[in-house]
Amino acid sequence: MTWFTFPGDNLLCRCLGISITAWLTLLFVFIIVPAVLGVSFGIRRLYMRTLLKIFAWATSRMEMGAKEKNQQLHKPYSNGIIAKESPSSLQQELQELRGSASCPRSEPEFEMADIFYFCRRGVESILDDEVTKRFSAQELESWNLLTRSNYNFRHISLRLTVLWGLGVLIRYGILLPLRVTLAITGISLLVVLTTLVGFLPNRELRFYLSEKVHLMCFRICVRALTAIITYHNRENKPKNGGICVSNHTTPIDVIILANDGCYSMVGQVHGGLMGMMQRAMVKSSPHIWFERSEVKDRHLVAKRLSDHVADKTKQPILIFPEGTCINNTSVMMFKKGSFEIACTVYPVAIKYDPRFGDAFWNSSKFGLVNYLLRMMSSWAIVCSVWYLPPMNREEGEDAMQFANRVKAAIAAQGGLVDLIWDGGLKRAKVKDAFKEEQQKLYSKVLVGEQDEGEQSDDMHLEDENQEEDENPEDESNQDSTKGQ
Amino acid sequence: MGFNGTSPLLDQRGELRPEDFGAIRELSMNPIGDRIISAFFSPGKETVDFASFVRILAHFHPTETSRSRDGVQPEPANSRTRKLKFAFQLYDQDRDGKISREELLQVLRTMLEMQVTEEQLQSIAERAIQEADLDQDDAISFDEFRKSLEKVDIDHKMSIRFLS
């Protein structure tokens with residue numbers, strides 16, 4: 001048998017050799033060289049348009065299938081399943097309840113009907129609450145041929161299944177290896193080149209080269225994820241001596257922003273591969289990495305950040321004030337730490353298009369490596385980045401109000417819902433302070449306001465109790481380092 | 001609607017436990033959140049399945065204005081009486097059909113907790129019972145409850161409109 005397989009073997013080896021060479025050449029010409037030079041062939045956008053056409057076709061097939069069986073196609077409701085009345089305060093609602101019940105009395109007191117208000121609010125929360133749904137991936141209105149985004153989509157015909165199978169082959173057989181290769185190339189280049197640049201004695205040259213190296217490596221990483229990014233309003237790009245803040249959806253946010261400009265990153269020191277990258281990067285560019293113990297010390301953190309922005313030769317700092325990953329349908333509470341530093345804030349809004357692959361990192365469901373693999377086996381990551389005009393803290397505005405103003409601007413630009421809730425609720429329970437706030441409001445209705453001169457003998461008691469500083473936003477004392 | 005797709009109460013078992021409700025952040029903020037949660041569970045049972053879940057939620061469906069057939073069908077879940085009964089049970093935790101003074105005090109305590117003194121609580125409860133308790137048995141029965149809420153627009157206040 002040996003004389004039979006020998007020529008076959010040779011042929012196989014030769015074929016393999018040729019295909020690998022061809023593959024690597026294509027890779028180099030079409031991906032690495034443009035990344036280094038910062039140009040683009042437009043292949044990714046063509047890819048995106050083709051995919052959209054395919055998805056539209058797939059959805060229409062599903063609708064046809066549904067019609068044949070006389071059933072409704074399941075469409076998840078992105079705006080919620082119940083009609084929420086315009087939010088009126090607790091006082092107003094209770095007045096309405098009581099107004100319809102009996103004649104107005106001289107002193108406010110308890111009515112049995114009051115419970116209806118709390119009851120309805122409670123059940124509304126059970127059906128559809130604003131907070132909990134932000135911590136899981138957004139549901140799509142039409143299927144994008146990924147099993148992971150298939151929430152209850154039925155009527156998948158044979159043709160669609162074949163298409164899906166083809167999609168799986170392409171994604172896992174072609175795209176995934178390609179992307180992994182690129183990612184490895186990008187990361188190794190980053191580590192090696194930044195270390196080398198760090199050895200240069202000349203400061204000017206070092207700055208210049210480090211910028212170029214960082215940009216190049218992040219561009220390769222962007223291609224490793226097939227990220228198709230559209231930058232808007234680039235005239236507002238962050239400048240030296242400022243802080244760039246953005247909403248946080250995934251660790252990839254960093255790559256997306258760093259693709260277009262150089263930033264100093266802030267974060268905790270990690271071990272392993274991340275730690276190696278951090279150590280290498282800091283050799284050539286002044287990134288700010290904190291030890292785990294230093295993170296708790298707010299003053300230390302604030303001091304290091306202030307020192308950095310005071311030095312105008314250093315790049316702008318990149319911070320994600322939400323402190324955790326949110327699913328890109330809303331912007332949650334900004335921690336005020338980064339807004340206390342006296343400098344210009346450059347807000348940036350990032351909005352991902354979920355049709356091509358959901359970028360949200362649900363850290364309670366997936367680890368980082370699992371997440372990256374999922375990212376690399378999606379179709380693409382499509383997002384828009386808006387650079388908003390710089391903002392400064394105004395006279396008489398405290399850090400929290402400033403933070404809220406910036407948050408509102410980012411939410412408005414990105415088309416996201418602006419919530420006051422703390423992203424930390426992903427892992428923690430709601431603080432009792434919120435419940436007490438509700439109780440306080442209700443007791444005001446029952447027992448009267450502080451200044452209304454109610455002649456009850458125990459007014460002095462409960463009013464003192466209400467004097468605690470109940471601002472719920474101050475409760476979270478975490479600093480603003482970018483984290484999960 | 002329901003906990004298969006859109007409800008945040010993700011679960012694979014097909015049943016809900018009280019802890020699952022605890023995961024809803026807005027509910028934790030509600031002073032009577034715990035009572036609402038226990039309203040979903042029949043006394044003594046620790047889980048609620050989808051059918052029972054829906055049955056309880058049906059209480060909150062807006063009442064239809066035109067009812068052509070009366071008395072022929074069993075009373076629908078969202079009738080005024082059933083809504084009142086649901087609210088009554090939030091007060092009457094031991095389900096003996098009466099809201100005793102102690103039960104009323106308990107509700108007031110959860111709704112107000114540290115914001116009022118014990119004496120104020122007592123006086124509020126006293127006033128409420130005096131007004132509603134018609135047969136002077138120091139407790140509020142369901143009929144007395146219903147009578148005291150005659151003029152309240154329950155249909156509007158206890159209804160949630162579902163988008164479809």
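The values are calculated or read from the model by the stated rules, or taken from the named source; none is laboratory data. Here the structure is a predicted model, which means the values were calculated and not measured. Glycine gets a Cβ as well: all are built from the backbone with ideal geometry, and neighbour counts include every protein chain shown.
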Which residues, taken from region A:119-147, are at pLDDT below 75 and out of contact with any Gly (no Cβ under 9 Å at 6 or more places or on another chain)?
A:D129, A:V131, A:T132, A:S136, A:A137, A:Q138, A:L140, A:E141, A:S142, A:W143, A:T147
Residue hits (region A:350-399; modelled with pLDDT under 90, surrounded by 15 or more Cβ atoms within 10 Å (Cβ to Cβ) and assigned to a loop (DSSP other than H, G, I, E, B)) are A:G357, A:D358, A:A359, A:F360, A:W361, A:N362, A:S363, A:S377, A:S378, A:W379, A:A380, A:R393
For region A:386-413, enumerate the residues that are in contact with a Ser or Thr (Cβ under 7 Å, 6 or more places away or on another chain) and under 21 Å from A:V254 (Cβ atoms).
A:P390
Given (1) within 9 Å of chain A (Cβ to nearest Cβ); (2) assigned to a helix (DSSP H, G or I), where does B:I99 come up short, assuming only one miss?
(2)
Taking region B:22-55 on its own, how many of its residues are assigned to a helix (DSSP H, G or I) and facing chain A (nearest Cβ under 7 Å)?
7
Being closer than 16 Å to A:I115 by Cα, at pLDDT 80 or above and among the hydrophobic types (A, V, I, L, M, F, W, C) narrows it down to one of B:L112, B:L27, B:L105, so name that one.
B:L105
Does any residue of region A:246-258 turn out to be surrounded by 22 or more Cβ atoms within 10 Å (Cβ to Cβ) and assigned to a strand (DSSP E or B)?
yes
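Kindly provide the set of residues from region A:413-444 that are closer than 16 Å to B:R109 by Cα and aliphatic (A, V, I, L, M), ordered by number.
A:L441
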Is at least one residue of region B:87-100 hydroxyl-bearing (S, T, Y) and at pLDDT below 80?
no
So in region B:120-164, with the set limited to residues that are assigned to a loop (DSSP other than H, G, I, E, B) and more than 9 Å from chain A (Cβ to nearest Cβ), which one is surrounded by the fewest Cβ atoms within 10 Å (Cβ to Cβ)?
B:Q136
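Going through region B:106-119 one residue at a time, which ones are farther than 19 Å from B:F86 by Cα and either in a helix (DSSP H, G or I) or in contact with a strand residue (DSSP E or B) (Cβ under 6 Å, 6 or more places away or on another chain) (or both)?
B:R109, B:L112, B:E113, B:M114, B:Q115, B:E118, B:E119
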